[in-house]
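Worksheet: the structure to be examined is printed underneath.
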């Protein structure tokens, strides 16, 4: 334990079936410092935090805390609370059926009885001191998400903690609330509390943080002082590209040369219930374009709206110039749109079903209830795509959940290719899969496009986008903020457009 | 790495051998009976009171009496797979559909000497009624998103009373002997009719599962509703449909039940059959939380339960005490299949295997 | 960006300021009172006499106790359908013990408690620590209890034990609430011992749920298991305790039932589990967990009985009417809960998405 540290984690390993979530990650937090933990989706930030708070058991590694002899053992969130680590999680972890005051005091303190008067008074005092305008007796579920998040923060702050973890607390807060939060954080910092701050908003990092630790693919990239770390460099660290390499990659994809042809898909003022700004979008035959932006910028929500996966609230859609009505996934599928979802496990695979059934599912739904493929036909289809995509599986009967992540992804890709779509949407198809498969998928995308398919490709890795897309739509804060084509397609312009204002001098 | 492979192999093996549990249970019961009393397996050709030739013996009893349960198991399997819950109102629904059959056959006079309507009409009307009640359950489960067990509690409570209300609480009796053929024997055929009806049902469901995408859709919805939706399915409708199908199964089972006695006792008919049907699904190795299903295993499970009941009856176990034995079987089954227990067991297996591997290398 | 969402919260002030628990409980109490008023005004027939209410309680003391246990389990997000079977088993065991084995009243009470405790322990362990579905476990528990009842004894036993009969016939007079019978004589209003036990249990458990940490953790676990864990609550232990308490209450409830009927029979308390679930639902306990109140459960039981009384008084005296009315009532309450909760969610969602896009 070094001088001034309040928390040290060394050599942390954690793996889930098929995924190495953390590999030899070390982390050090000093007294009275606000430390940003950065990384793209799947980098291992949330896993690291859940290991620290005892939600997941770690496979290997040590955790040291100031004032505790030797390595501390944290097996449950209760343990973490006891040793002075309090946490605000990404998903709100409060009980919706209890009152605001109860949520602040639940599971804390001595004794077996509850004094409602004391609790409500304490909560009222705490809430008003933090400037949160809500009655302590109100049921949590009837508060807005932002207020709930503030209550979770209030709870964490109120506990006499030495380490405060804020795991993406600001995504549902508006500016004034974020300002309140930052004031709170600075106050705590003065009292010597160490704060770990996870966020995707670069502005916020530069506003309050002292140090930055960057993770990528479950590995530690490095720890940096905020002053030594210009924005563009931070983005490049997160995305895994050195500054020097950036200008090098030159994409040699021919820009779609059919400027005048009718777009395969065209939307105007499309908007869904997931809170994105209405947007216009089109794609031509044989074109590969992409949505880029950091996590939570609205790129997935945009394509979900195109596919009808979320409730579409407004907008008109034309395919090949003819107006069509797409409100449900089946409408989109019948019109030749295919969508490979971002979260493979939640939205993509049907875990217990065989590879064969997973491959034929979408086409089967399109052909209809009364026209099932014979087993031989289905096997033929499945084997065709197993061969085409080089899927490594024991047989067509193997349940898909026992395949590796990359192969699962290929199965789902195969499912959609089998429907012979005119327009294919790939949302993070390369996430969490090995490098070889990533390259295969990129090549496949280009091949499909050369055969006339239109593809929208979303990835957190900019170089992948550069290698495949001829046009990039940049999103920030659920809004389209730019469209890049031709010469503009370089790492630097993309990053500066993503990062937004205040960094132009760095980009040059 | 080798441990991982072993575990995968073991798991895949268990999945592939889903029929293992019911078959093993069946063999175990057969063996027990063989040792205790080999005459259990004797089948003889006798004559019934009408002078027609009939087959008798415990095995025939099992196949005969297991028919309704097996038919119900079909519907229950689908409902379980799609909605991850069970319908506890099937017993009450049988009372309703049986009551409808008798109401149509008897007309307003509960002791009519002649049939007031053709039997087929009565059967079709009861099918329609049972499907409407199934649709009621399905609506609550699929569209109001009430847990299946709770939603079906409503019909469970009211069903038998509704059945009684059709007849003003009188006990109708069908005097025409031809009605009894469906629950007993057709003259001249020594095999009980319910067996044929059950076989027809199996054939129909096999055909449906083969010729339509019902199985694929139901499993997709049961395993991962979100994926199913993104692949163009309508999970609510599919769940709803399974309840309607179960309604149809209920109607068939109810028809056999009332035909056996040509009358109905509202509070006793098909008592506790819902529990047996759920047990059959579980015994067939199907997860009660929904997802993948194996229809054959469920049907076999139903006959295993009937086998168990018949065996217990043979040893003079009171019919009311039967549930206690079944409960023990259920608990053993679920404890063995609980993930927490399985994990510990597989860890134990791995431990046992490791030394043996070491010895080999 | 919009103003702070707190300002823009759901419009209907009193509705949104009420917790789900209080809202549903109030609905139950109001429904009960309205029905009772209706009965007094329209039917008269003795609904004015306090004794009518007391009789409803006398007949349902055990159901009240059992329903309390059921509510507790349901608040924690589970279900226990073995309670009816346990009641029957307790009656039969106590009857055999008192009548044929020459036991005394105190030990028979202890025996009942032990039976309930045993069921609670085993079921609680299987559900909380082995994570088996509560429905299946308690289904097996119900099978087992029903089966055991007939194994203990097949015939109905009417208990003749002196001490017990004396206890059974003990009536506690309620002062000032008596009434005049047809002959004009004053008749005291009375309640049975079971009612006192039931009311004490309701009061105790109500206080436990309201003012102890354990009580609040039942709600937390039912509200959101994962969150409760993150908030530092021992979820497994809490779940286990809920089934344990439910088991013990089933034991006590069984003995109270025994005290009321004075006999043991395999058909006793048939369908009691469903009545208990129905009472809890009508009493405002949500099956999804986290919402409920024992005062509501008490009124749930009384509403259930009252509707039966009303239905038979109205002249719908065919036996099926009661069953159908109860089912209809459960149906109405279930759909009402589903609608109210989803409506409140929608109001909330609107205010939130407004915050994002506005």
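A few notes on this one:
- Qualifying positions in region A:128-149 - more than 9 Å from chain C (Cβ to nearest Cβ), within 30 Å of the chain's Cα centre (by Cα) and buried (at least 20 other Cβ atoms within 10 Å of the Cβ): A:148, A:149
- Meeting the requirement of 3 or more residues that are closer than 19 Å to residue A:50 by Cβ and either in the same structural domain as residue A:101 (by TED's automatic domain parsing) or touching a residue at least 60 places away in the same chain (Cβ under 8 Å) (or both), the strands (runs of 3 or more DSSP E) wholly within region A:149-247 are A:163-167, A:194-198, A:211-216.
- Positions within region C:179-235 being at the interface with chain A (Cβ under 10 Å from one of its Cβ atoms), in contact with a strand residue (DSSP E or B) (Cβ under 6 Å, 6 or more places away or on another chain) and part of a loop (DSSP other than H, G, I, E, B), in sequence order: none
- The residue list A:120, A:97, A:103 contains one member that is at pLDDT 90 or above, closer than 30 Å to residue A:47 by Cβ and touching a helix residue (DSSP H, G or I) at 6+ places or on another chain (Cβ under 6 Å), which is A:103.
- When C:174, C:122 are checked against the criterion of being within 12 Å of another protein chain (Cβ to nearest Cβ) and surrounded by 15 or more Cβ atoms within 10 Å (Cβ to Cβ), a single residue qualifies: C:122.
- Filter result for residue B:335 (assigned to a helix (DSSP H, G or I), modelled with pLDDT of 80 or more and at the interface with another protein chain (Cβ under 7 Å from one of its Cβ atoms)): yes
- Every test in (1) under 19 Å from residue A:195 (Cα atoms); (2) in contact (Cβ under 8 Å) with a residue 40 or more places away in the chain; (3) facing chain C (nearest Cβ under 8 Å) is passed by residue A:77 save one, and that test is (2).
Listed here are the residues, each with its yes/no results for (1) facing chain B (nearest Cβ under 9 Å); (2) touching a residue at least 24 places away in the same chain (Cβ under 8 Å); (3) assigned to a helix (DSSP H, G or I); (4) closer than 17 Å to residue B:220 by Cβ.
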{"position": "A:350", "(1), (2), (3), (4)": "yes, yes, no, yes"}
{"position": "A:364", "(1), (2), (3), (4)": "yes, no, yes, yes"}
{"position": "A:371", "(1), (2), (3), (4)": "yes, no, no, yes"}
{"position": "A:377", "(1), (2), (3), (4)": "no, no, yes, no"}
{"position": "A:380", "(1), (2), (3), (4)": "no, no, yes, no"}
{"position": "A:394", "(1), (2), (3), (4)": "yes, no, no, no"}
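- Listed by position, the strands (runs of 3 or more DSSP E) contained in region A:248-313 that have at least 3 residues being within 14 Å of chain C (Cβ to nearest Cβ) and modelled with pLDDT of 75 or more are A:265-272.
- Among residues of region C:310-331, those that are facing chain B (nearest Cβ under 10 Å) and assigned to a helix (DSSP H, G or I), counted: 13
- The set of residues from region B:215-229 being more than 7 Å from chain A (Cβ to nearest Cβ) and buried (at least 21 other Cβ atoms within 10 Å of the Cβ) comprises B:217, B:218, B:221, B:222, B:228.
- Residue count for region B:171-204 under the criterion of being surrounded by fewer than 21 Cβ atoms within 10 Å (Cβ to Cβ), under 18 Å from residue B:47 (Cβ atoms) and in contact with a strand residue (DSSP E or B) (Cβ under 7 Å, 6 or more places away or on another chain): the result is 2.
- Enumeration of residues in region A:80-103 that are at the interface with another protein chain (Cβ under 10 Å from one of its Cβ atoms) and under 16 Å from residue C:219 (Cβ atoms): A:93, A:94, A:95, A:96, A:97, A:98, A:99, A:102, A:103
- Conditions (1) modelled with pLDDT under 80; (2) touching a helix residue (DSSP H, G or I) at 6+ places or on another chain (Cβ under 9 Å); (3) under 19 Å from residue A:232 (Cα atoms); number of the one not met by residue A:436: (3)
- Odd one out for residue B:211 among (1) over 30 Å from residue B:237 (Cβ atoms); (2) surrounded by fewer than 21 Cβ atoms within 10 Å (Cβ to Cβ): (1)
- Filtered residues of region B:299-323 (kept if at the interface with chain C (Cβ under 7 Å from one of its Cβ atoms) and crowded, with 22+ Cβ neighbours inside 10 Å): B:323
- Top-ranked residue of region A:320-337 - restricted to ones that are more than 10 Å from chain B (Cβ to nearest Cβ) and surrounded by 15 or more Cβ atoms within 10 Å (Cβ to Cβ), ranked as farthest from residue B:232 (Cα to Cα): A:320
- Tally, over region C:226-285, of residues that are closer than 30 Å to residue C:324 by Cβ and without any contact (Cβ under 8 Å) to a residue 12 or more places away in the chain: 0
- Considering region B:1-87, the qualifying helices (runs of 4 or more DSSP H), each wholly inside and each with 2 or more residues that are at pLDDT below 85, run over B:2-16, B:20-36.
- Search result, residues across region B:262-298 that are more than 10 Å from every other protein chain (Cβ to nearest Cβ), part of a helix (DSSP H, G or I) and over 20 Å from residue B:93 (Cα atoms): B:283, B:295, B:296, B:297, B:298
- Restricted to region C:184-206, and to residues there that are within 16 Å of residue C:173 (Cβ to Cβ) and surrounded by 20 or more Cβ atoms within 10 Å (Cβ to Cβ), the residue that is farthest from the chain's Cα centre (by Cα) is C:189.
- Check on residue C:249, assigned to a helix (DSSP H, G or I), surrounded by fewer than 24 Cβ atoms within 10 Å (Cβ to Cβ) and either within 14 Å of chain A (Cβ to nearest Cβ) or within 20 Å of the chain's Cα centre (by Cα) (or both): no
- Of note, residue A:479 does not satisfy the criterion of being within 17 Å of residue A:288 (Cα to Cα) and either modelled with pLDDT under 90 or within 20 Å of the chain's Cα centre (by Cα) (or both).
- Taken together, A:445, A:474, A:455 contain a single residue that is in contact with a strand residue (DSSP E or B) (Cβ under 6 Å, 6 or more places away or on another chain) and at pLDDT 90 or above, which is A:455.
- Every condition in (1) crowded, with 19+ Cβ neighbours inside 10 Å; (2) within 12 Å of chain B (Cβ to nearest Cβ); (3) over 21 Å from residue A:307 (Cβ atoms) is met by residue A:418 except one, and the failing one is (3).
- For beta carbons closer than 6 Å, sequence separation of 6+ or different chains, a first residue in region B:342-361 that is more than 30 Å from residue B:287 (Cβ to Cβ) and a second that is at pLDDT 60 or above and not in a helix (DSSP H, G or I), there are no qualifying pairs.
- Taking region C:142-155 as the range and being more than 7 Å from every other protein chain (Cβ to nearest Cβ) and within 22 Å of the chain's Cα centre (by Cα) as the test, the residues that pass are C:142, C:145.
The values are calculated or read from the model by the stated rules, or taken from the named source; none is laboratory data. Keep in mind that this is a model prediction, so the values were computed, not measured. In this analysis, Cβ positions are derived from the backbone assuming ideal geometry, glycine residues included, and neighbour counts consider all displayed protein chains.
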